[in-house]
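Below is one structure, written out as structure tokens; comments come after it.
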Amino acid sequence: MLNADGCFLMAVVPANRTVNLKKVEAALDASRVSVAFEDEFAALFPSCEVGAMPPFGNLFGLPVYVDASLETQGDIFFNAGNHRQTVRLDYADFKKLANPIVVDWTEARYRKAA
């Protein structure tokens with residue numbers, strides 16, 4: 001979840017990528033974009049456990065942006081509104097259901113082994 005000039009939006013990205021906030025600011029013509037804190041948006045998802053929201057912000061009145069890298073995926077996996085169940089869904093079906101805006105806001109996340 002991102003906060004762009006006081007408005008929340010859902011960014012759906014693969015786990016191995018990270019959102020470049022400067023790219024988001026430029027694309028949205030926003031003056032300030034930040035990663036939202038869970039306590040700021042938890043009330044927007046009353047039927048979900050905190051941190052386990054499915055990528056269907058459109059069902060909760062939020063715009064959904066999806067990383068372009070997911071366009072080449074067959075299946076995507078995500079929480080089912082709780083921390084116990086995972087959903088596997090064909091990306092094409094997700095795109096039909098969520099009607100996301102496809103963006104190129106991310107970059108590879110590099111981590112070194114401990």
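For segment 87-100, enumerate the residues that are open to solvent by less than 100 Å² (accessible area, probe 1.4 Å) and within 25 Å of Val50 (Cβ to Cβ).
Result: Val87, Leu89, Phe94, Ala98, Pro100.
Report those strands (runs of 3 or more DSSP E) wholly inside segment 16-70 carrying at least 1 residues which are at pLDDT 95 or above.
Counting at least 1 such residues, we get 33-35, 64-67.
Considering each residue of segment 23-44, count those that are of a type in the set (S, T, N, Q) and open to solvent by 60 Å² or more (accessible area, probe 1.4 Å), and give that number.
1
Considering segment 31-61 alone, what residues qualify as being of a type in the set (A, V, I, L, M) and in contact with a helix residue (DSSP H, G or I) (Cβ under 7 Å, 6 or more places away or on another chain)?
Result: Val33, Leu44, Val50.
The values are calculated or read from the model by the stated rules, or taken from the named source; none is laboratory data. Please read these numbers as outputs of a predicted model, since none were measured by experiment. Virtual Cβ from ideal backbone geometry, glycine too; neighbours counted across all protein chains shown. Surface accessibility is based on the protein's heavy atoms, side chains included, excluding ligands, DNA and RNA. Shrake-Rupley method; radii C 1.70, N 1.55, O 1.52, S 1.80 Å.
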